[in-house]
2 protein chains.
Amino acid sequence: MSNNARFAEIAALAGDPGRASMLNGLMDGRALTASELAQLAGITAQTASSHLTRMTEAGLLAVEKQGRHRYHRLASPAVAQMIESIMRLAAPEVTAKPLRTGPRDAALRAGRTCYDHLAGHLGVSITDALINAGHLDLGLDAGEVTDSGLALFARAGIDVEALTAKRGRILCRPCLDWSERRPHLAGAIGAALCSHCFNNGWIRRLEGTRAVSVTPNGQRHLRETFGVSLS
Amino acid sequence: MSNNARFAEIAALAGDPGRASMLNGLMDGRALTASELAQLAGITAQTASSHLTRMTEAGLLAVEKQGRHRYHRLASPAVAQMIESIMRLAAPEVTAKPLRTGPRDAALRAGRTCYDHLAGHLGVSITDALINAGHLDLGLDAGEVTDSGLALFARAGIDVEALTAKRGRILCRPCLDWSERRPHLAGAIGAALCSHCFNNGWIRRLEGTRAVSVTPNGQRHLRETFGVSLS
DNA sequence: ATGATGCTTCGAAAACGATCGAAGTATCAA
DNA sequence: TTGATACTTCGATCGTTTTCGAAGCATCAT
């Protein structure tokens with residue numbers, strides 16, 4: 001198959017409303033069952049099944065069989081990046097007119113997960129704070145945690161050494177936000193930081209969306225530990 | 001229109017073979033006429049016209065009328081980024097089997113333009129050399145040219161101050177390569193460097209493609225001026 | 001076993017989009 | 001003005017894709 005045909009095939013897969021909904025639903029990095037995805041997209045199970053098969057065959061999704069359930073997730077961070085890049089174009093221009101956005105949309109802008117790390121105002125704020133305090137020093141492809149950052153993460157209970165050990169995944173990388181139009185921290189460290197926030201009850205997922213809210217406890221810890229000030 | 005519908009609309013536009021060809025053809029940042037794009041995609045002028053209208057209305061392309069010609073170009077770097085991210089998924093896995101690639105493909109891997117800057121082995125090599133020599137120090141969102149880099153560019157005849165002056169475009173940003181799987185230098189500096197190479201005859205575009213080759217003269221200058229060693 | 005659940009395959013109906021011939025508009029060159 | 005070029009609009013055709021009902025498989029609970 002020609003390279004261009006494959007390009008079109010991939011893009012076309014993302015270009016169906018039903019499939020687009022499913023891909024968006026998987027953007028938080030979780031693995032969902034076919035039924036959940038069907039309901040999320042508002043289509044029947046049969047339809048969803050055929051869509052999921054096609055996307056899996058094309059290498060966009062990966063499946064894991066568990067009993068009578070089939071868990072689907074994005075095949076790789078590269079897929080998530082493609083979805084983000086399309087989202088960025090699809091997002092209403094912030095600069096244009098401050099058009100009316102629903103409450104759910106507002107929650108998404110405030111904070112959400114992006115594949116496996118934090119995005120939105122929350123993600124950008126944390127990233128900014130880390131850089132300003134000199135805890136992160138990011139190069140072009142792979143970033144570095146400074147000595148002070150190393151100590152900080154260790155104090156918080158995040159083992160950066162262990163993350164560095166498992167190669168094959170870039171430690172730090174920037175990921176451009178569709179709402180903030182600025183980059184936030186992704187990569188293995190971004191993922192670790194995100195799950196750390198979840199595990200400690202600093203953030204909580206809003207029912208049925210990928211929006212997250214910061215708990216009062218989380219606000220305090222983020223401020224005290226990482227110097228994050230959420231406007 | 002719901003946000004998700006717009007997502008699907010954008011992706012679907014890129015998901016037609018004809019339109020995909022045109023978008024790829026515009027990836028070098030040039031503006032092409034409708035006829036050129038029609039020929040490139042192997043479709044008639046009427047068909048191309050309707051495609052171009054749709055993509056323009058969706059905000060993917062921008063047109064400029066000049067006499068009886070209509071020049072079409074990508075509407076923004078964000079569009080180019082989306083195309084790149086799809087390409088990355090569509091590219092044959094380098095890791096898998098070193099499958100037979102045609103000579104044209106080899107030329108593209110060696111060096112090409114990506115929207116308005118250099119990519120491929122060439123682009124990555126230059127970027128690496130600049131970073132290793134301490135001429136570039138890239139932060140998360142906007143990079144910085146170090147003092148030594150400033151001097152270097154000035155010596156070469158590239159006015160970084162002037163580039164910094166025109167705001168609205170990020171000076172440095174990484175752009176991930178589909179062939180090298182590593183980032184190369186994009187942004188205003190990347191664009192300036194690219195046109196500088198063209199203007200001085202260091203690189204030349206291969207007829208009808210966006211592949212570029214380095215001239216013997218260019219090899220020498222790139223090595224002497226920027227410390228680039230092309231394997 | 002028996003029935004329920006999760007998911008896939010099959011088949012047919014319906015909707016959609018791509019395509020191009022033909023005709024129309026705008027610009028250029030005499 | 002006349003003719004040529006660049007491009008768009010219209011209209012009809014044709015192929016693809018989506019969709020879901022119905023039936024089939026696999027797994028689980030009892």
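Here segment A:1-19 is the region considered, the condition is being more than 13 Å from DNA strand C (Cβ to nearest atom), assigned to a helix (DSSP H, G or I) and not polar (S, T, N, Q), and the residue that is nearest to A:I83 (Cα to Cα) is A:A14. Across segment A:37-55, the qualifying residues are those that are within 11 Å of chain B (Cβ to nearest Cβ) and among the small types (G, A, S), and the one among them that is nearest to DNA strand C (Cβ to nearest atom) is A:A41.
I'd like the full set of residues that are closer than 30 Å to A:S195 by Cβ and more than 10 Å from DNA strand D (Cβ to nearest atom), limited to segment A:1-13. Steps first, please.
Let us first name the residues in segment A:1-13 that are closer than 30 Å to A:S195 by Cβ, namely A:10, A:13.
Answer for segment A:1-13, where residues must be closer than 30 Å to A:S195 by Cβ and more than 10 Å from DNA strand D (Cβ to nearest atom): just A:I10.
I'd like to check something: does segment B:21-36 contain any residue that is within 7 Å of chain A (Cβ to nearest Cβ), in a helix (DSSP H, G or I) and not basic (K, R)? Show your work before the answer.
Step one: filter segment B:21-36 for residues within 7 Å of chain A (Cβ to nearest Cβ), giving B:21, B:24.
Subsequent filtering for residues that are in a helix (DSSP H, G or I) retains B:21, B:24.
So of that shortlist, the ones also not basic (K, R) come out as B:21, B:24.
Looking through segment B:21-36, at least one residue is within 7 Å of chain A (Cβ to nearest Cβ), in a helix (DSSP H, G or I) and not basic (K, R).
Taken over segment B:1-34, the criterion of being in contact (Cβ under 8 Å) with a residue 12 or more places away in the chain and farther than 27 Å from B:G120 by Cα is satisfied by B:E9, B:A34. Scanning segment A:56-71 for residues that are more than 8 Å from DNA strand C (Cβ to nearest atom) and either in contact with an Asp or Glu (Cβ under 8 Å, 6 or more places away or on another chain) or hydrophobic (A, V, I, L, M, F, W, C) (or both) yields A:A58, A:L60, A:L61, A:A62.
Count, please, the residues in segment B:35-60 that happen to be within 27 Å of B:C194 (Cβ to Cβ), in contact (Cβ under 8 Å) with a residue 24 or more places away in the chain and in contact with a Leu (Cβ under 9 Å, 6 or more places away or on another chain).
Of segment B:35-60, the ones within 27 Å of B:C194 (Cβ to Cβ) are B:35-37, B:39-41, B:52, B:55-56, B:59-60.
Pick out the ones that are also in contact (Cβ under 8 Å) with a residue 24 or more places away in the chain and you get B:37, B:41, B:52, B:55, B:60.
Filter once more, so that each one left must be in contact with a Leu (Cβ under 9 Å, 6 or more places away or on another chain): B:37, B:52, B:55, B:60.
Count: 4.
Could you pull out every one of the strands (runs of 3 or more DSSP E) wholly within segment B:47-148 that has 2 or more residues that are within 16 Å of the chain's Cα centre (by Cα) and at pLDDT 80 or above? Before the answer, list the steps.
Values: elements: B:61-66, B:69-74, B:112-114, B:117-119, B:136-138, B:143-145.
Passing ranges, in order: B:69-74, B:112-114, B:117-119.
The values are calculated or read from the model by the stated rules, or taken from the named source; none is laboratory data. Here the structure is a predicted model, which means the values were calculated and not measured. So basically every Cβ, Gly included, is an ideal-geometry build from the backbone, and we count neighbours across all protein chains shown.
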